[in-house]
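The values are calculated or read from the model by the stated rules, or taken from the named source; none is laboratory data. If you're wondering where the values come from, they're calculated on a predicted model, not measured in any experiment. Heads up, the Cβs are rebuilt from the backbone with ideal geometry, glycines too, and the neighbour counts pull from every protein chain shown. Ligands, DNA and RNA are stripped out before the accessible areas are found, and what is left, the full protein with its side chains, is counted by its heavy atoms. Shrake-Rupley method; radii C 1.70, N 1.55, O 1.52, S 1.80 Å.
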Amino acid sequence: MPAAITAEGLVKKYGDVVALDGMELTVPEGTVFGLLGPNGAGKTTTVRILTTLLTPDAGHATVAGFDVVRDARRLRAHIGASGQYAAVDDHLTGAENLEMVGRLYHLGVKRSRQRARDLLDRFDLTEAADRPVQGYSGGMRRRLDLAGALVATPPVLFLDEPTTGLDPRARASLWEVIAELVADGTTVLLTTQYMEEADRLADRIAVVDHGRVIALGTADQLKDQVGGDRIELSVTSAADLETARRMLAPLAVGDMQLDPTALQVTIPVIGGAAALTSALGHLAAERIAVRDAGLRRPTLDDVFLTLTGHETDETSKETVR
Amino acid sequence: MNSLQVAFADGMTIAKRNALKIRRAPDLLGGVIMLPVVFVLLFTYVFGSMIELPGLSYAEYMLPGIFVMTITSSAQITGYTLTQDLQKGIFDRFRTLPMSPSAVLTGQTVSDLIMNVTSIVTMALVGLLVGWRIHSSPLEALLGFGLLLLFAYAFSWVTATVALALRTPEIFNNIATLVSLPLVFLSNAFVDSTRLPGPLQAVAEWNPVSTFIQAARVLFGNASSALPAPSAWPLRHAVPVSLLWSVVLLAVFVPLATRLYKRAVSR
């Protein structure tokens, strides 16, 4: 399969801040590629370079076969982009917004109008079509913004944190829409801070930190990198939590995590159910009351924590656009 | 379509977008219709009742000044709208589209020109109600309106440049008021510049705003023959000099605004 997006050695600096430090990626046609990382990791900068909004300081990249710097103008006819700051016009109606985008893709009056109506139907915005966007909810604005990216049916689509700030229902409905697009063969590059989102939508995931890819693979491959299962236990007192940590340390194959507020301990183990039985046995012997116990596969959160040594939802000190 | 046609078509698409916006935004609409009405009524009745001019009603003398003053204030909508758009994601969307990059600024200034047509027509109608009259030939009057619009268009590019350099709506508003107030009041808009003290007189006579006002007075036949004729060179040749000013303003500020736009959006 030919690559729809390639990036080699992309570097972008803002003064002393290095936003991208040798970003590499290849996205085969018709697949969904997820860029996963915390704020300031370089996800948005990558998307801005690939959508021709920024020029890289070093390295090069192609989208749909066009160089992002040399062929920027022609490239734009082949991409659609939808950002975290929904780029829609408040005073225009939904239909007017989409028609304007169609005109600027040079689709002509009739096709722009038709396309706008089709997309409004598809995104469940028909009723709101002739109302100014000002009165739209956050979810409706995102859907309209995404519709704007699809006006010219581009083969490559960039979605920069498409569901950030949306409530769970709006998020789920946007996920459905994205999944449909992918089924139609569109190549999608998606950035997200949400593990669940990458897990659900992306064929392959690149974990990004400090402007470069630190791990790459399918969701399952990444989880396997972290190895084993996780035992999650909650107890009833802080003293018990400490004892539990001490008792169960020999079972752990990696760093244990303690959550003092939830009185919960997470232990990476090998051997699944047997390890859980033995853990419960140890705790019963010490008469520690267990409120809840379970065994689960590692999540991408675990992957992230293991790979970077810091959590994904940490509020980064410097947010680089 | 060749690239010039594309640029034109894209500019018109953006202009249409802005025109729709003005129609729906009450704050902008207020600036287009209400402000001119208030200016004409306020200035003619407040100053008009105090000041007597030989051979001419004060309304007739002052209306060209109010035309130009209102234009300097409504042309600021260009800059203000640009700073607002800069803070949203809409320019990012435009820049990922295969459209002509120059269309954003031409579209913006063209729609503001349409808006200025509306506000000049409003002022002329209200002016006629309060006693303003055109004493020149229809051709000269038409030229007068044309010159006002040319000034409006050129001044839109000036405010666009300032806005793209400052980038935030609040700062832009403050600076724009700070600059445009003395520009209008240190002119011949409301007083006869020959009666100002020495240095102020020189400033007022060489102020381009005065040139445009004088040109409008000449073309509408609102210059009083009983007043001493202005002696300063730009005022003696107000019509050609104001044309020259328009060309100079456009030649300087169109490329400057375009460059600042590129810088402002590619960060």
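Take the residues in the stretch A:252-265 that are aliphatic (A, V, I, L, M) and part of a strand (DSSP E or B); name whichever of them is nearest to A:Ala275 (Cα to Cα). Of everything passing the filter in the stretch A:252-265, A:Val265 is nearest to A:Ala275 (Cα to Cα).
Considering only the stretch A:72-81, I want to know if a residue exists there that is within 8 Å of chain B (Cβ to nearest Cβ), touching a Gly at 6+ places or on another chain (Cβ under 9 Å) and not aliphatic (A, V, I, L, M). Yes, there is a match, as at least one residue in the stretch A:72-81 is within 8 Å of chain B (Cβ to nearest Cβ), touching a Gly at 6+ places or on another chain (Cβ under 9 Å) and not aliphatic (A, V, I, L, M). Does at least one position in the stretch A:178-191 carry a residue that is open to solvent by 30 Å² or more (accessible area, probe 1.4 Å), of a type in the set (S, T, N, Q) and away from every other protein chain (no Cβ under 14 Å)? No: zero hits.
Checking the structure you have, find out if any residue of the stretch A:43-57 is surrounded by 20 or more Cβ atoms within 10 Å (Cβ to Cβ), more than 13 Å from chain B (Cβ to nearest Cβ) and over 22 Å from B:Ala19 (Cβ atoms).
Here is the first cut: in the stretch A:43-57, the residues surrounded by 20 or more Cβ atoms within 10 Å (Cβ to Cβ) are A:43-54, A:56.
Okay, now just the ones that are also more than 13 Å from chain B (Cβ to nearest Cβ), so A:43, A:46.
Subset that is over 22 Å from B:Ala19 (Cβ atoms): A:43, A:46.
Yes: the stretch A:43-57 contains one or more residues that are surrounded by 20 or more Cβ atoms within 10 Å (Cβ to Cβ), more than 13 Å from chain B (Cβ to nearest Cβ) and over 22 Å from B:Ala19 (Cβ atoms).
Of all the criteria given as (1) under 26 Å from the mean Cα position of the chain (by Cα); (2) more than 15 Å from B:Asp92 (Cα to Cα); (3) within 14 Å of chain B (Cβ to nearest Cβ); (4) open to solvent by less than 30 Å² (accessible area, probe 1.4 Å), the one not satisfied by A:Val32 is (3). The conditions of being under 21 Å from A:Ser82 (Cβ atoms), of a type in the set (D, E, K, R) and touching a residue at least 40 places away in the same chain (Cβ under 8 Å) are met by A:Asp203.
The rows are residues; the columns are (1) surrounded by 17 or more Cβ atoms within 10 Å (Cβ to Cβ); (2) out of contact with any strand residue (DSSP E or B) (no Cβ under 7 Å at 6 or more places or on another chain); (3) within 14 Å of chain A (Cβ to nearest Cβ).
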position: B:Lys88; (1), (2), (3): no, yes, yes
position: B:Arg95; (1), (2), (3): yes, yes, yes
position: B:Thr106; (1), (2), (3): yes, yes, yes
position: B:Ser111; (1), (2), (3): yes, yes, yes
position: B:Ser119; (1), (2), (3): yes, yes, no
position: B:Thr122; (1), (2), (3): yes, yes, no
position: B:Leu128; (1), (2), (3): no, yes, no
position: B:Arg133; (1), (2), (3): no, yes, no
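Among all positions in the stretch B:207-214, there is at least one residue which is open to solvent by 20 Å² or more (accessible area, probe 1.4 Å) and under 21 Å from B:Phe43 (Cα atoms). A:Asp89 satisfies every condition listed in (1) among the acidic types (Asp, Glu); (2) open to solvent by 10 Å² or more (accessible area, probe 1.4 Å); (3) in contact (Cβ under 8 Å) with a residue 40 or more places away in the chain except (2). Suppose the filter is among the hydrophobic types (A, V, I, L, M, F, W, C) and within 14 Å of chain B (Cβ to nearest Cβ); does A:Leu166 pass it? In short, no.
Figure legend. Inter-residue proximity from the stretch A:62-80: first residues under 19 Å from A:Thr45 (Cα atoms) and in a strand (DSSP E or B), second residues of a type in the set (Phe, Trp, Tyr) and open to solvent by less than 40 Å² (accessible area, probe 1.4 Å), beta-carbon distance below 8 Å, spacing 6+ or different chains. Indicated pairs: A:Ile79/A:Phe158; A:Gly80/A:Phe158.
The single condition among (1) more than 24 Å from B:Ala103 (Cα to Cα); (2) exposed (fewer than 13 other Cβ atoms within 10 Å of the Cβ); (3) more than 19 Å from the chain's Cα centre (by Cα) that B:Arg263 does not meet is (1). The set of residues in the stretch B:1-58 being open to solvent by less than 30 Å² (accessible area, probe 1.4 Å), farther than 20 Å from A:His106 by Cα and either of a type in the set (D, E, K, R) or touching a strand residue (DSSP E or B) at 6+ places or on another chain (Cβ under 7 Å) (or both) consists of B:Lys21 alone. The listed residues are A:Ala198, A:Ala129, and the only one of them that is in contact (Cβ under 8 Å) with a residue 60 or more places away in the chain, surrounded by 15 or more Cβ atoms within 10 Å (Cβ to Cβ) and not in a strand (DSSP E or B) turns out to be A:Ala198.
When A:Asp292, A:Asp203, A:Asp302, A:Asp255 are checked against the criterion of being modelled with pLDDT of 85 or more and either surrounded by 17 or more Cβ atoms within 10 Å (Cβ to Cβ) or over 30 Å from A:Glu8 (Cα atoms) (or both), a single residue qualifies: A:Asp292. Restricting the search to the stretch A:206-251, which residues are open to solvent by 20 Å² or more (accessible area, probe 1.4 Å), in a helix (DSSP H, G or I) and in contact (Cβ under 8 Å) with a residue 60 or more places away in the chain? Of everything in the stretch A:206-251, those that are open to solvent by 20 Å² or more (accessible area, probe 1.4 Å), in a helix (DSSP H, G or I) and in contact (Cβ under 8 Å) with a residue 60 or more places away in the chain turn out to be A:Lys223, A:Gln225, A:Val226.
In the stretch A:143-160, the condition of being over 19 Å from A:Gly30 (Cα atoms), more than 13 Å from chain B (Cβ to nearest Cβ) and crowded, with 19+ Cβ neighbours inside 10 Å is met by at least one residue. The selection criterion, being under 14 Å from A:Ala149 (Cβ atoms) and in contact (Cβ under 8 Å) with a residue 60 or more places away in the chain, does not hold for A:Val101. Checked across the stretch B:176-195, the condition of being of a type in the set (Asp, Glu), surrounded by fewer than 19 Cβ atoms within 10 Å (Cβ to Cβ) and not in a helix (DSSP H, G or I) holds for at least one residue. Under the condition of being open to solvent by 50 Å² or more (accessible area, probe 1.4 Å) and touching a residue at least 40 places away in the same chain (Cβ under 8 Å), the residues counted in the stretch B:135-152 number 4.
For the stretch A:99-126, the set of residues classified as polar (S, T, N, Q), part of a helix (DSSP H, G or I) and away from every other protein chain (no Cβ under 12 Å) consists of A:Gln114 only.
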